[in-house]
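Engineer: I'd like to ask some things about the structure below.
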Amino acid sequence: MPKGVDSETWRKVDQEAVAACERHLEAHHHLHSAALLAAANAIVFTDLQGRILWVNPAFTTLTGYTAEEVLGQNTRMLRSGKQDPAFYRELWATILAGQVWHGEIINRRKDGSLYTEEMTVTPVRDGKGEVAYFIAIKQDVTRRKEAEEALLRQQRVLDAISDNILAHVAYLDRDFNIVHVNATYAQGSGYRAEELVGRNHFDLFPNEENQRIFERVRDTGEPYIARAKPFEYGNQPERGTTYWDWWLRPIRSPEGETEGMVLSLVDVTPTERARREVERLNAELRAADQRKDEFLAMLGHELRNPLAAVLNAARLLQLQETTDPAGRRAVEAIARQTQHMAKLLDDLLDVSRVTHGKIALQKERVDFGRVVAQAVQASSPLIEERRHELSIAVPPEPLWLEADPDRLQQVISNLLTNAAKYTAPGGQIWLSLAREGEDAVLRVRDNGVGIALELLPRIFDLFVQAERTPDRAQGGMGIGLTMVRDLVQAHGGSVVAHSDGPGRGSEFVVRLPAPTALAAAQPVNDLIQQANHPGCRILLVDDNADAGEMLAALLEMDGHEVVMAQSGPAALARLADTSPDVILLDIGLPGMDGYEVARHIRGRADLRDVLLVAVTGYGQAHDRQRTARAGFDHHLTKPVDLAHLRQILSQVAECSRRPSCAGTA
């Protein structure tokens, strides 16, 4: 008691202080009570046995029980049976030891429904420091857990899809660190998935070009797609160069910033290697085909020179009078068989060009009937030799086509020759021509050996032939019908074969467009069969003496004056004293070839108008183009078609001996 204060006064002061403290404590208690009651989380007080002493309203909302229903009850009433007994043993051991327990637990509401709560249990000690009771704070996390489960299910689905697709898929952050890879990516990389996640892509697979691509996608937000992009594994050099289809796409934030990217790769190594191998083989085939064409061109050149000499010698003998029937037949046989060899050679060279689309048709308006007549004339020797009876039915009026007359004649001649060869001597051949709507239809039928049904679908294939007789009387190489098909198709038409089988004959039907509106063609002059005009002065240049001399003799018999040279320099030397109207110039000359000679001739002002004719064993399309560029006016292949040459010479005959006349031809 302070000095100077009586006991009664002090007692009153002490009582007032105690009352003030009690009021303060009561206010503090009310404040805490209000806070507990207003808390959003459920709060429950229990004794050491778990009997419920107090709950707040949030608890009753969470569990569905009223406070009266739970007070005095054990918290076991809330158990769902989803937790293992060991779970509860661990929980009680923790809190009875005076430690805080925190975790998730599944409980059951009054209505029987389950909910998940996040719970913190705190032991409360008495004045002696002993654990007296527990306070549990509970938060309902059911919806959060459901959302998490949904996300996990979705992730499992996505992982299952990702791991079962063929593409190698990796998710990277914006710094190119690997966040996730699918099983295919991990397997293909040579690493385990856990070795990849968290590593930088370019620490594992360094490549400056690819890194620039990744940076561009990240900085621009534009995806990158590539096909068959080559890549070599530094950690697996034995794999060699691999090839991949790429899809690199940015992952954008809501603000549009690149957060990362998805890399999808498809290993196309087998396909790309196969494609490259096919390209390599195709290149080899093209090179081989080019070498084959070059070989055939050289073969044609080398064979045509001796053929020309033999044929022209036979023609020369035919023009001479003879009383010896055996000798006349021998000369006719030589001429006929030489022409047959020349035709086989032409077919062999033509089939290569036609099947490769290397022949350009020289189309003009032609009368189909006239072309038929020319083809019949060309095929007559073989038909007569085999004593066949040929019946022809063509319309009296012209049947106009837009066609290449030479190639069309080749089609008809091949069909007639085929019929003659595959029909026994003394057989019958029928040829008819008619208009059917907007088509011209040509039919060639025979009563020959026929075609087996299994062979019909392949009869137009290269080197396919009907069964031969032991003596190979049919001859040929199996390329004529291939030529027919390809040339007809090149004209926009079609050809089909019919036969009732072996021994029943065969029929070939050609259809070609023949629009009725096609204007009539101008009349075509008959081929000149024999010269009846003044001669020309001709310089004939050929290194093959036999071929040159035989052709010169034939031309001299037609009334022309012929001067010969066997080389390029010799030809240029003869120009000084010859002044020719026409120069017949071989291309394959030794040393200075025909092209160089032609350039010298066209370079002289006094010879620019001379008629320059290539007479050569080279007859392919590019050969004709080359002679035209070199300044030649005409291109004839050996053996020379004498009627064609006479037609050319007739165009300059009226200007005989005048150098300027050739230019008007």
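The values are calculated or read from the model by the stated rules, or taken from the named source; none is laboratory data. Treat the numbers as computed from the prediction; the structure is a model and nothing was measured. Methodologically, a virtual Cβ is constructed for each residue, glycine included, from the backbone with ideal geometry; neighbour enumeration extends over all protein chains shown.
Engineer: With respect to the numbered conditions (1) farther than 23 Å from residue 623 by Cβ; (2) touching a residue at least 60 places away in the same chain (Cβ under 8 Å); (3) surrounded by fewer than 23 Cβ atoms within 10 Å (Cβ to Cβ); (4) not hydrophobic (A, V, I, L, M, F, W, C), which one is the sole condition not fulfilled by residue 581?
Structural biologist: The number of the failed condition is (3).
Engineer: Across region 178-187, what is the total count of residues that are surrounded by fewer than 16 Cβ atoms within 10 Å (Cβ to Cβ) and either at positive phi or touching a strand residue (DSSP E or B) at 6+ places or on another chain (Cβ under 8 Å) (or both)?
Structural biologist: Here the count works out to 1.
Engineer: Taking the residues in region 632-649 that are in contact with a strand residue (DSSP E or B) (Cβ under 7 Å, 6 or more places away or on another chain) and over 16 Å from residue 581 (Cβ atoms) as candidates, determine which candidate is surrounded by the fewest Cβ atoms within 10 Å (Cβ to Cβ).
Structural biologist: Residues of region 632-649 that are in contact with a strand residue (DSSP E or B) (Cβ under 7 Å, 6 or more places away or on another chain), as a first pass: 632-638, 640, 644-645, 648-649.
If we keep only those that are over 16 Å from residue 581 (Cβ atoms) as well, we get 635-638, 640, 644.
Details: 635: 18, 636: 18, 637: 23, 638: 28, 640: 21, 644: 13.
Here the residue is 644.
Engineer: Looking at 174, 216, 252, which is the one that is exposed (fewer than 14 other Cβ atoms within 10 Å of the Cβ), closer than 30 Å to residue 156 by Cα and either modelled with pLDDT of 90 or more or in contact with a Ser or Thr (Cβ under 9 Å, 6 or more places away or on another chain) (or both)?
Structural biologist: One residue alone meets the criteria, 252.
Engineer: Consider only pairs whose beta carbons are under 6 Å apart and that are at least six residues apart or on different chains; among these, list those whose first residue lies in region 225-254 and is free of Cβ contacts under 8 Å to residues at least 40 places away in the same chain and whose second residue is polar (S, T, N, Q) and part of a helix (DSSP H, G or I).
Structural biologist: 242/269; 243/269
Let's see how each residue does on (1) loosely packed, with under 13 Cβ neighbours inside 10 Å; (2) in the same structural domain as residue 65 (by TED's automatic domain parsing); (3) out of contact with any helix residue (DSSP H, G or I) (no Cβ under 9 Å at 6 or more places or on another chain); (4) on the phi > 0 side of the Ramachandran plot:
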residue	(1), (2), (3), (4)
75	no, yes, yes, no
97	yes, yes, yes, no
100	yes, yes, no, no
104	yes, yes, no, no
112	yes, yes, yes, yes
116	no, yes, no, no
121	no, yes, no, no
128	yes, yes, yes, no
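Engineer: Of all residues in region 59-72 being assigned to a helix (DSSP H, G or I) and free of Cβ contacts under 8 Å to residues at least 60 places away in the same chain, which is farthest from the chain's Cα centre (by Cα)? Can you show your working first?
Structural biologist: Here is the first cut: in region 59-72, the residues assigned to a helix (DSSP H, G or I) are 59-63, 67-70.
Those still in the list that are free of Cβ contacts under 8 Å to residues at least 60 places away in the same chain too: 60-61, 63, 67-70.
Working: 60: 74, 61: 71, 63: 70, 67: 80, 68: 83, 69: 81, 70: 80 Å.
Filtering region 59-72 for residues that are assigned to a helix (DSSP H, G or I) and free of Cβ contacts under 8 Å to residues at least 60 places away in the same chain, the one farthest from the chain's Cα centre (by Cα) comes out as 68.
Engineer: Another question, if that's okay. Test residue 145 against the stated conditions and say whether it is closer than 20 Å to residue 58 by Cβ and either outside any helix (DSSP H, G or I) or more than 60 Å from the chain's Cα centre (by Cα) (or both).
Structural biologist: Values: closer than 20 Å to residue 58 by Cβ: yes; either outside any helix (DSSP H, G or I) or more than 60 Å from the chain's Cα centre (by Cα) (or both): no.
So residue 145 fails the test.
Engineer: For residue 151, which of the numbered conditions (1) assigned to a helix (DSSP H, G or I); (2) at pLDDT 80 or above fails to hold?
Structural biologist: Just one mismatch for residue 151, condition (2).
Engineer: Say whether the condition of being surrounded by 12 or more Cβ atoms within 10 Å (Cβ to Cβ) and in contact with a strand residue (DSSP E or B) (Cβ under 6 Å, 6 or more places away or on another chain) is met by at least one residue in region 272-295.
Structural biologist: Yes, that holds for at least one residue.
Engineer: Further, regarding this structure: Here is a check on your reading of the model: is residue 116 in contact with a Lys or Arg (Cβ under 7 Å, 6 or more places away or on another chain), more than 30 Å from residue 239 (Cα to Cα) and among the β-branched types (Val, Ile, Thr)?
Structural biologist: Spelling it out, residue 116 is indeed in contact with a Lys or Arg (Cβ under 7 Å, 6 or more places away or on another chain), more than 30 Å from residue 239 (Cα to Cα) and among the β-branched types (Val, Ile, Thr).
Engineer: If you check every pair at least six apart or on different chains, which have Cβ atoms under 6 Å apart with a residue in region 534-553 that is touching a residue at least 60 places away in the same chain (Cβ under 8 Å) first and a residue that is part of a helix (DSSP H, G or I) and of a type in the set (Val, Ile, Thr) second?
Structural biologist: Filtered contacts from region 534-553: 536/652.
Engineer: Something else: Could you check region 236-249 and list, in sequence order, the residues that are surrounded by 15 or more Cβ atoms within 10 Å (Cβ to Cβ) and over 16 Å from residue 222 (Cβ atoms)? Steps first, please.
Structural biologist: Narrowing region 236-249 to residues surrounded by 15 or more Cβ atoms within 10 Å (Cβ to Cβ): 242-249.
Result: 242, 243, 244, 245.
Engineer: Does region 397-416 hold any residues that are in a helix (DSSP H, G or I) and either of a type in the set (S, T, N, Q) or in contact with a strand residue (DSSP E or B) (Cβ under 8 Å, 6 or more places away or on another chain) (or both), and which are they?
Structural biologist: 405, 408, 409, 410, 411, 412, 413, 414, 415, 416
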